[in-house]
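Notes follow the structure.
No value in this document is a laboratory result; all are computed from the given coordinates. If you're wondering where the values come from, they're calculated on a predicted model, not measured in any experiment. Every residue, glycine as well, gets a Cβ built from its backbone with ideal geometry; the counts of neighbours run over all protein chains shown.
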Amino acid sequence: MTGPLLVIDGDSLTHRAYHALPKSMRRAEGKPANAIIGFSNFLMRLWQGEEPRAVLVGWDTLFVPTYRHELFAAYQGGREFDDELLEQLDLLPDVVRAFGFAAAKGEGYEADDFLAAAVKQEEERGGTAVVATSDRDSFQLASGRTTILQPIRGVSELARVGPAEVRERYGVDPEQVPDFIALRGDPSDKLPGARGVGPKTAASLLAQYGTLEAMLDDGRFEAQAEELRMFRRMATLDASAPLPPLEDQPPKWPEASTFFRELGMNAQADRIAALA
């Protein structure tokens, strides 16, 4: 198979599906179904659109600290999740495997780390990758071989982001994104960034110096130097995250259809069966 490796941020897209679809959607025993339906629809749509050689979905391990939490206590502070969303998130890695695709989840790693590891592995083998996520930290993965698919309207419309689009949006190259985040900060992760520095100043400084380390060597941000190095480390995706085998994977539509039927989601099972 010659298609790209399709790499998906499971948590990012499940959150979008959960908030986009009616919470009245139910499966057997009255359990919630909207995130499962939304995510599985998106998964099928991506497979049809990209015709990948294989699929990997990365997942966060919620409520287990990573090295980022240990470095900075306020990291991702204040996040709360509905119980019905958490229940569906627990089930979704099994949904992915029922389709015949790979799922990666492990203590100490975030979904983004598995995405980075998969992209690195695929590029090293001479392949191409497509990364579906709404998390802009992943812009650091954009390259001549890797494209980011970013949902911009729920999950109904996607923007394709390569190195040129990263430069257009941020004013920096993909490899400068962790330095850019360290300087600008990231409100969604509660990273404050450098004092008095916004996105335009961060981009301008990186155009001048090339890297955060070069700025610090030149005496810039002396009082915040170690803190900014820490923020950069936190913003850098960990490409050493452990991966399952990523051999070519033909989808298992009949098995997935059976899985959904066992969940009491017959309409979704019929949609999947139609792809067989």
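Data overview
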quantity	calculated
Sequence-distant residues sharing a close amide H with Asp60 (under 5 Å, placed H)	Asp11, Ala111
Percent of Cα-Cα distances greater than 18 Å, calculated over region 171-235	22 percent
Low-density loop positions, GluC sites (Glu not before Pro), region 191-276 - DSSP coil, at most 13 other Cβ in 10 Å	Glu247
DSSP-loop GluC sites (Glu not before Pro) across region 95-195, with at most 13 other Cβ within 10 angstrom	Glu107
GNM top mover of Ala214, Ala225, Ala104 - the chain, alpha-carbon springs below 10 Å	Ala214
Where N is the number of residues in region 78-160, Cα Rg divided by 2.2 N^0.38 Å	1.22
Förster-model FRET efficiency, 51 Å R0, Arg261 and Asp217, C-beta, rounded to 0.05	0.25
Shape box of the chain [Cα atoms, principal axes, largest first, Å]	63, 41, 31
Calculated FRET efficiency for the pair Thr201/Asn41, C-beta based, R₀ 51 Å, to 0.05	0.80
